[in-house]
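Please read the structure below before turning to the comments.
The values are calculated or read from the model by the stated rules, or taken from the named source; none is laboratory data. Note that the coordinates shown come from a computational prediction; the quantities given were computed from them, not determined experimentally. Glycine gets a Cβ as well: all are built from the backbone with ideal geometry, and neighbour counts include every protein chain shown.
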Amino acid sequence: MKKFGLFLSMSLLLAFTGCEKDTVEEPGLPTVSKPVIAVKENTPTSFCVEWDAVEGAEEYLYSVSKNDAEGSMTEVRPETRTAATLFTIDDASAATRYTVRVKTIAAADSQLGDSDFAEIFLETPAEGNSVQAFTFGSLSVTYSSVTVTVTPSQAEESYYAAPVKTSLLIGKNSNDIVKMVKDDITEASLKKGVQEFVFEQLDPSTNYTVVAFGYDWGKGVSTSQLARSEEIGTTPDQRASLDLSVLSTGDTSISAKCIPSDGEVSYYMTVLPATAFAGKNDYTVLDEQIATLNKQSWDAIAGQLRKGTSTLSATDLEMDTEYYVVAFGLQRSASGPAEAATRLFKVGAETTKPEPIVDVDVVIEDGDDYVLSFGSDVAGKALLAVKFTPNAATEKYAYGIYNDIILGYSEEEIVYLLTGDPGQFVSGPLEEGYYVMDWGETIVVAVVGLDASGDVGPVTMETHTMTKEEGGDTPGGDEPVERGDASVGMDITLSNGYRGQNIGSPTMIVEFTPSSDCVEYRFMVGMNEGTYEKYGEEGVIGIFEDERYHDEGYWESSKDFSSNGVVYTFYDTVLGQTIESFALAYDAEGRPGKLTMETTTFPSSIADLDQLSRPYPSSSFLHISAPRSKRDFVIRLEPSKTARL
């Protein structure tokens with residue numbers, strides 16, 4: 001039995017700022033050496049500074065500032081600690097002067113002070129030092145390609161040329177464009193002299209601009225001003241188009257719709273993770289999909305194709321993940337395998353992330369009904385039980401039971417109160433109770449769940465006042481139960497322990513005598529006095545008919561064991577009390593028969609009980625180990641009642 005005092009305590013959170021090692025050294029304190037810094041690499045868009053390791057150093061502290069023409073300095077990298085002996089700035093500006101400062105931080109046990117800052121100045125080179133220039137000539141255009149001639153003014157200098165969607169160039173200067181395409185440059189892609197370029201795998205009905213600039217592969221820098229062609233528009237794709245739309249998304253599912261422009265085109269539709277497109281264009285993904293399909297026979301592929309408007313429901317997806325719904329037309333090639341009949345169409349979708357939510361169920365019971373089990377401490381009190389049921393998204397959760405002062409706290413404060421101690425987290429369903437309360441007392445149950453990523457869900461809070469609710473539905477419902485004639489007798493003996501075991505504990509031995517047409521009997525032992533009077537025969541039978549009471553151990557069935565007797569050992573709180581026991585027989589058709597009831601009064605002292613004298617064979621009895629769980633003896637026959645405000 002659990003008791004608790006309801007109270008709240010909130011700790012004040014004090015934020016302290018950690019202090020760096022004092023930069024004011026004692027006079028005469030020797031210091032570690034300053035690092036000797038040098039520029040390792042310098043390009044129009046990046047630079048790297050390095051230094052030799054300093055003896056006695058624990059770390060290094062560096063900062064970077066940009067200097068303008070007027071001599072003003074702007075910090076671009078605040079003071080940063082590092083254990084390395086170099087750092088790189090990869091977002092530098094061309095033709096710009098920088099100041100780099102680096103100092104040595106002495107090891108804690110070196111008995112040395114930190115060094116002064118070493119300082120170095122550098123200037124990134126300007127883009128386009130070469131006089132290289134370019135002219136462009138457009139030769140042909142299709143829906144997926146453009147053919148362009150590029151003529152450089154300096155035939156011996158290498159250069160790079162590529163088509164870029166014109167829409168992506170808006171607002172970008174030459175340096176921005178070089179950065180944008182730099183990752184696509186390979187040594188093999190660099191050319192010299194007049195070249196005819198066929199740029200393929202372009203989007204139909206899209207405007208492109210071909211850009212070209214000199215490039216030094218060894219240094220990784222551009223060597224000329226960037227040149228741009230006139231705008232070139234690809235032609236419309238005359239093949240069928242597929243209009244994709246997302247209908248709905250769930251935690252692990254995506255539903256989408258496809259409407260083809262040509263009702264006769266056969267197409268394939270699927271859902272792919274966004275990672276399948278990483279570093280690839282749509283044409284590459286299309287080729288991969290067709291290659292995978294072609295591992296099957298054409299007949300197998302044809303069975304997966306669609307025509308006309310259709311919907312797709314993809315399930316078993318990852319939660320909170322980006323996907324693409326893709327579709328493309330397919331036809332059988334002359335040589336047999338499948339080939340593309342349209343380009344790839346796609347639309348983005350993202351599965352949702354369910355919130356971790358914990359359901360709270362509160363039950364309030366009358367302590368007077370539990371005096372037999374819990375003792376007089378619960379007399380005149382309310383008993384509170386709480387059940388927590390987390391949803392599938394909840395990895396763990398934390399809960400608390402407080403007085404109503406917590407209602408004045410913010411949700412952020414409540415989350416901190418609940419989750420501040422990791423040891424309080426639990427996983428899975430949990431039943432908490434009973435707590436002993438005063439009638440009229442108001443409490444607040446608060447619980448918050450965390451998902452597998454550690455993200456906190458909404459706080460669930462329920463306020464309850466301990467009030468009595470009279471009445472209640474009769475167990476078993478309103479429909480009468482069809483009865484048979486089967487019966488079972490009960491012979492009850494009280495003793496001090498059983499067969500030399502549990503001496504000093506009140507013990508009840510029950511022997512059952514089923515009739516010939518009884519194929520099963522169910523029994524409850526240790527019910528409150530007045531149970532039959534309060535609920536009647538139909539109410540008691542309703543308990544036996546409800547399997548939930550069996551699952552919770554309220555009644556036993558002869559089907560669960562082979563004996564015709566049972567031994568119960570009680571707590572001494574049963575002394576001087578009267579209890580009721582019931583048995584119900586069932587026939588071969590599963591109909592309940594006659595209800596047997598016995599009323600038993602225990603003596604007020606264990607000394608008034610003899611040790612069992614009759615030698616019952618131990619093999620013929622179901623032994624209930626002592627002491628019995630309190631809840632097994634005294635149960636409430638009416639359904640659990642919940643007081644909610």
> Do we find a residue being farther than 30 Å from A393 by Cα, surrounded by 14 or more Cβ atoms within 10 Å (Cβ to Cβ) and either modelled with pLDDT of 95 or more or not assigned by TED's automatic domain parsing to the domain that holds Y143 (or both) anywhere in the range 307-320?
Replying inline: yes
>> When you scan the range 91-100, do you find a residue that is free of Cβ contacts under 8 Å to residues at least 60 places away in the same chain, in a loop (DSSP other than H, G, I, E, B), in contact with an Asp or Glu (Cβ under 9 Å, 6 or more places away or on another chain) and surrounded by 15 or more Cβ atoms within 10 Å (Cβ to Cβ), even just one?
In response: yes
> Looking at the range 102-148, which of the residues that are among the charged types (D, E, K, R) and surrounded by 18 or more Cβ atoms within 10 Å (Cβ to Cβ) is nearest to P204 (Cα to Cα)?
Replying inline: E127
> Which of the following residues is free of Cβ contacts under 8 Å to residues at least 12 places away in the same chain and either more than 16 Å from S245 (Cα to Cα) or part of a strand (DSSP E or B) (or both): A334, A349?
Replying inline: A334
>> Out of the residues in the range 237-258 meeting the condition of being of a type in the set (D, E) and over 18 Å from T270 (Cβ atoms), tell me which one is modelled with the lowest pLDDT.
In response: D251
>> Among the residues of the range 408-445, what is the count of those that are farther than 16 Å from N391 by Cα and surrounded by 11 or more Cβ atoms within 10 Å (Cβ to Cβ)?
In response: 23
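From the list E412, E339, exactly one residue is in a strand (DSSP E or B), outside the structural domain of Y568 (by TED's automatic domain parsing), of a type in the set (D, E) and more than 20 Å from A276 (Cβ to Cβ). Which is it? Step through it out loud before you land on a result.
Numbers: E412 fails: in a strand (DSSP E or B).
One residue alone meets the criteria, E339.
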> Has the range 530-552 got any residue that is exposed (fewer than 14 other Cβ atoms within 10 Å of the Cβ) and basic (K, R)?
Replying inline: yes
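Of all residues in the range 46-76, which are outside any strand (DSSP E or B) and over 43 Å from the mean Cα position of the chain (by Cα)? Before the answer, list the steps.
We begin by selecting, within the range 46-76, every residue outside any strand (DSSP E or B); these are 46, 52-56, 68-72.
Of everything in the range 46-76, those that are outside any strand (DSSP E or B) and over 43 Å from the mean Cα position of the chain (by Cα) turn out to be D52, A53, V54, E55, G56, D68, A69, E70, G71, S72.
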>> For the condition modelled with pLDDT under 90 and under 19 Å from I492 (Cα atoms), what is the one hit in E529, E538?
In response: E529
> Looking at the range 164-187, which of its residues are surrounded by 13 or more Cβ atoms within 10 Å (Cβ to Cβ) and among the polar types (S, T, N, Q)?
Replying inline: T166, S174, N175
>> Looking only at the range 477-500, how many residues end up being at pLDDT below 85 and not assigned by TED's automatic domain parsing to the domain that holds L609?
In response: 5
> Under the condition of being of a type in the set (A, V, I, L, M, F, W, C), modelled with pLDDT under 90 and not in a helix (DSSP H, G or I), which residue from the range 572-596 is surrounded by the fewest Cβ atoms within 10 Å (Cβ to Cβ)?
Replying inline: L575
> If you scan the range 477-497, which residues turn out to be under 53 Å from the mean Cα position of the chain (by Cα) and buried (at least 19 other Cβ atoms within 10 Å of the Cβ)?
Replying inline: G497
> Which members of the range 268-294 meet the condition of being over 19 Å from Y323 (Cα atoms) and not in a helix (DSSP H, G or I)?
Replying inline: N294
> With respect to the numbered conditions (1) surrounded by fewer than 16 Cβ atoms within 10 Å (Cβ to Cβ); (2) more than 18 Å from I120 (Cβ to Cβ); (3) within 44 Å of the chain's Cα centre (by Cα), which one is the sole condition not fulfilled by E79?
Replying inline: (2)
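Filter the strands (runs of 3 or more DSSP E) completely within the range 127-244 down to those with at least 3 residues that are of a type in the set (V, I, T) and more than 46 Å from the chain's Cα centre (by Cα).
Hits in the range 127-244: 146-152.
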> In the range 50-83, what residues are of a type in the set (A, V, I, L, M) and touching a residue at least 12 places away in the same chain (Cβ under 8 Å)?
Replying inline: A53, V54, A57, L61, V64, M73, V76, A83
>> Could you check the range 348-402 and list, in sequence order, the residues that are under 30 Å from V285 (Cβ atoms), in contact with a strand residue (DSSP E or B) (Cβ under 8 Å, 6 or more places away or on another chain) and surrounded by fewer than 17 Cβ atoms within 10 Å (Cβ to Cβ)?
In response: G348, E350, T352
> Which pairs have Cβ atoms under 6 Å, sit 6 or more apart or on different chains, and link a residue in the range 271-288 that is exposed (fewer than 14 other Cβ atoms within 10 Å of the Cβ) to one that is at pLDDT 95 or above and not basic (K, R)?
Replying inline: P273/Y323
